[in-house]
1. List pairs: first in the range B:106-121 and within 17 Å of B:Y15 (Cβ to Cβ) and in contact (Cβ under 8 Å) with a residue 40 or more places away in the chain, second of a type outside the set (G, A, S) and in a helix (DSSP H, G or I), Cβ under 6 Å, 6+ apart or cross-chain?
2. All but one of (1) open to solvent by 10 Å² or more (accessible area, probe 1.4 Å); (2) within 14 Å of chain B (Cβ to nearest Cβ); (3) of a type outside the set (V, I, T); (4) part of a helix (DSSP H, G or I) hold for A:H111; state the number of the condition that does not hold.
3. If B:F182 satisfies all but one of (1) assigned to a helix (DSSP H, G or I); (2) free of Cβ contacts under 8 Å to residues at least 60 places away in the same chain; (3) under 25 Å from A:R64 (Cβ atoms), what's the number of the condition it fails?
4. Would you check if A:V129 is assigned to a helix (DSSP H, G or I) and in contact (Cβ under 8 Å) with a residue 40 or more places away in the chain?
5. Filter the range A:71-104 for residues that are outside any loop (DSSP other than H, G, I, E, B) and among the β-branched types (V, I, T) and give the result.
6. Considering every residue within the range B:147-163, establish whether at least one is crowded, with 19+ Cβ neighbours inside 10 Å and farther than 21 Å from B:S20 by Cβ.
7. Can you pull out the residues in the range A:22-52 that are among the basic types (K, R) and more than 12 Å from chain B (Cβ to nearest Cβ)?
8. If you take the residues of the range A:16-52 that are touching a strand residue (DSSP E or B) at 6+ places or on another chain (Cβ under 6 Å) and open to solvent by 40 Å² or more (accessible area, probe 1.4 Å), which of them is farthest from A:M175 (Cα to Cα)?
There are 2 protein chains.
Amino acid sequence: MPQPIDFYFDFSSPYSYLASERIEEIAARHGRAVRFRPVLLGVAFRASGQRPLTEVPLKGEYSRRDFARCARFLGVPFRMPDPFPIGTVDAARVVVWLQQVDPARIPDFVHAGYRAFFVHGRNLSDRAVLAEVVQEAGIDAGAAMAAIAGAPVKDALRAQVEQAIARGVFGAPFMMIDGEPFWGHDRFPQIERWLAQGPF
Amino acid sequence: MPQPIDFYFDFSSPYSYLASERIEEIAARHGRAVRFRPVLLGVAFRASGQRPLTEVPLKGEYSRRDFARCARFLGVPFRMPDPFPIGTVDAARVVVWLQQVDPARIPDFVHAGYRAFFVHGRNLSDRAVLAEVVQEAGIDAGAAMAAIAGAPVKDALRAQVEQAIARGVFGAPFMMIDGEPFWGHDRFPQIERWLAQGPF
C-alpha cells in the first residue's frame, strides 16, 4: 500500500483552501490517501523569518489578484474574506482533537471550515462561529469546544506544529509524498507526475 | 496584432532561467512575441521588503531542491551555480544597450547569459566572464563593455527597473500579458489558458 500524502495546511491560507478542494481527487486517482495535518503559519513564519503574504508590499496586491484567478482556473468557488488573515489555532485544535476521537471526520471538518471562511466569509477565529461550523459538519460541537480548551489538545497541536517545521514546512499548502516536499498548489503538475511515475 | 508578452527577469534568478527556456515557444504557439525586460531583484526586494529566496530559513533549502526538480520537470539543463546569488547589474546593462543598438540580438544574449551561469557555472558578475559571453553570443564585446560603463545605459536601466517596480514587479520571472500580471514559471498553465481563450 503506498504511503498517504501528508497535506499540511492552515485554515487562513487561501492557496491551501484551493489545494484542499483538489488534493483528494488527485490522490485517489493514484491510489493514495490524504492525511490532513494542521500547521500554524504564524509559527512557521516566525521560524523562517517571513510574514503574511498579503502584508508584503507589491506582492500582497498581486497575491489577492492571484488567489481569485487561481480559484477560477481550478474551478473552485472563492471570495476573499474580511478580516484576513485570521487566527486559526482553535480550528487547528479541532483537527487535533478529531485525530484522537474520530479521524474519519477530519476531511469533512476541513472542507466545512475552509468553505465557511473562503466562500461564505465566516470568521473561524470566532469561537461561536467555529462551534457552528463544527456542528454543521456533523460533529459534537460541545465536546469539540471543551476539548480544544484543554491542555492535551493544545500540547498535541504545539508538538505537531514543531514537528512540521522540523520537517521543513515553512508555508502552506505543503505536501509531503514519499519524503519529497512540494510547496504550493502550483506543484500539482509535478505531484501528478510523481504519483504516476515515481521520483523524477 | 496581439501585444507582446513582457518577460521581466534577473540573470541571477533560477526560476527566470527555467522560464526563459520555455516562454518563447509558448508565446509563438499563440502568435505572440516576447519582450525580455531586465529587472534587478535586489532593488525589487528592497522595495517590497523581501530577501533572496535561498537566504530564507527552511524555504531556502526547499528552493534549492525545487530549482533542480523544476528543471527536470521542464526538461531544462540546470546546475546550481556557486557563488549564488550574484550581482547582475552589468549583464542587465548589456540588455539595455542592445535595446538601443540591436534589439534583435537580445534573446540570443539572454539565453547565452543564462546558460553560462545556470548550466556552466560561469560567474556573470565578473566583467571578464561577461565580456566572453557577450562575444560568444555574436555581439561586439568591446562596444558592449564600453557602453555599460557609460551614464546613458546606467540611467536607462535604473529607469526601467523603477518603471517595472511601479508596474508591480516584485519578483521574477514576472510576465505581463495584456496588462495581466503572472509571477513565476508555475503560472505557465494559466498563461496558456489566457493566451488561448483570453481573460478568465
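1. Going by the 6 Å Cβ cut-off, the qualifying pairs are B:G113/B:V133; B:Y114/B:Y17; B:F118/B:Y17.
2. Condition (2) is where A:H111 drops out.
3. It fails just one condition, (1).
4. Details: assigned to a helix (DSSP H, G or I): yes; in contact (Cβ under 8 Å) with a residue 40 or more places away in the chain: no.
So A:V129 does not fit the description; no.
5. In the first step, residues of the range A:71-104 are kept if they are outside any loop (DSSP other than H, G, I, E, B); the result is A:71-74, A:89-101, A:103-104.
Scanning the range A:71-104 gives A:V89, A:V94, A:V95, A:V96, A:V101.
6. Taking the range B:147-163 and keeping what is crowded, with 19+ Cβ neighbours inside 10 Å, we get B:147-148, B:153, B:157, B:160-161.
Narrowing further to those that are farther than 21 Å from B:S20 by Cβ: B:147, B:153.
Yes, some residue in the range B:147-163 is crowded, with 19+ Cβ neighbours inside 10 Å and farther than 21 Å from B:S20 by Cβ.
7. Here is the first cut: in the range A:22-52, the ones among the basic types (K, R) are A:22, A:29, A:32, A:35, A:37, A:46, A:51.
Those that are among the basic types (K, R) and more than 12 Å from chain B (Cβ to nearest Cβ): A:R22, A:R29, A:R32, A:R35, A:R37.
8. A:E24
The values are calculated or read from the model by the stated rules, or taken from the named source; none is laboratory data. All values reported here derive from a predicted model rather than from experimental measurement. Positions of Cβ are backbone-derived with ideal geometry, glycine not excepted, and every protein chain shown enters the neighbour counts. Each accessible area value is taken on the protein alone, full model and side chains, heavy atoms only, with ligands, DNA and RNA left out. Shrake-Rupley method; radii C 1.70, N 1.55, O 1.52, S 1.80 Å.
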